Amino acid sequence: MRLELEFVSSAPAMADCPRWRRVEIALAGRSNVGKSSLLNALAGHKGLARTSKTPGRTRCLNFFALGEHQALVDLPGFGYAKMSRAEAAKIGKLMEDYLKSRANLAAIVILVDARRGPEHEETELAAMALGRGLEVIAVATKCDKVRNAGRAEVVRRLRELHETPTICSALSGEGIDELRRQIRQCRGANVQAPEIEPL
């Protein structure tokens with residue numbers, strides 16, 4: 001069953017993040033990993049998140065309400081993007097502050113292109129998340145572009161991030177239901193979010 005996602009707001013700074021008690025699950029990955037396409041696939045709604053052939057279009061923290069108690073947060077992509085150094089530094093600081101200090105954050109879905117596997121940015125992100133007590137969900141995107149013979153290697157490499165990675169394709173729909181299930185199960189038992197404000 002698709003995720004009932006509703007766009008709430010974009011936050012260009014931490015002060016602009018919603019003040020609520022929702023448990024947040026962040027989507028993180030490289031600029032060209034296909035985050036927007038995957039988000040649309042999870043929602044079963046092609047127009048929910050804007051997709052682009054140009055990497056790095058997401059420049060803010062984008063918040064989507066999920067049911068009564070959860071939210072997905074689409075983070076800016078890291079790695080290649082056409083922007084100034086000053087803008088890249090600003091976005092990097094925003095992501096760092098969110099990932100290290102946001103009280104609502106319960107889990108990070110780390111997206112990795114199945115054709116290239118995780119690199120040091122992804123492994124560092126997973127280590128940081130686990131060190132903070134966050135749940136990590138490792139996902140290989142664009143698996144429709146990998147031959148069946150190469151699937152085992154994709155899984156092996158993603159185990160650097162999590163022992164049971166998920167293989168997905170926004171195009172074919174493979175693995176989307178499994179990822180939806182994992183997201184719904186993120187209840188954030190350790191989340192302490194005192195701030196609250198109605199939608």
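Odds and ends about this structure:
- Pairs are defined by a Cβ separation below 8 Å, a sequence spacing of at least 6 or placement on different chains, a first member in region 148-175 that is free of Cβ contacts under 8 Å to residues at least 40 places away in the same chain and of a type in the set (D, E, K, R), and a second member that is surrounded by 12 or more Cβ atoms within 10 Å (Cβ to Cβ) and in a helix (DSSP H, G or I); the pairs so defined are Arg151/Cys143; Glu174/Cys143; Glu174/Asp144.
- Complete set of residues in region 176-199 that are at pLDDT 80 or above, more than 21 Å from Val8 (Cα to Cα) and not polar (S, T, N, Q): Ile176, Asp177, Glu178, Leu179, Arg181
- Condition check for Phe64 on (1) farther than 17 Å from Arg30 by Cα; (2) more than 14 Å from the chain's Cα centre (by Cα); (3) surrounded by 21 or more Cβ atoms within 10 Å (Cβ to Cβ): one failure, at (2).
- Lone qualifier among Ala129, Ala140, Ala106 - being free of Cβ contacts under 8 Å to residues at least 40 places away in the same chain, surrounded by 13 or more Cβ atoms within 10 Å (Cβ to Cβ) and under 22 Å from Met14 (Cβ atoms): Ala129
- Condition check for Thr123: out of contact with any Pro (no Cβ under 7 Å at 6 or more places or on another chain), polar (S, T, N, Q) and in contact (Cβ under 8 Å) with a residue 60 or more places away in the chain: no
- Region 159-181 - residue that is in contact with a helix residue (DSSP H, G or I) (Cβ under 9 Å, 6 or more places away or on another chain) and assigned to a helix (DSSP H, G or I) and, of those, surrounded by the fewest Cβ atoms within 10 Å (Cβ to Cβ): Arg180
- Selection within region 1-21 - farther than 17 Å from Leu99 by Cβ and not in a strand (DSSP E or B): Met1, Arg2, Leu3, Glu4, Arg19, Trp20, Arg21
The values are calculated or read from the model by the stated rules, or taken from the named source; none is laboratory data. Keep in mind the model is a prediction, meaning the values are calculated, not measured. With ideal geometry, Cβ positions are generated from the backbone for all residues, glycine too; neighbour counts draw on all protein chains shown.
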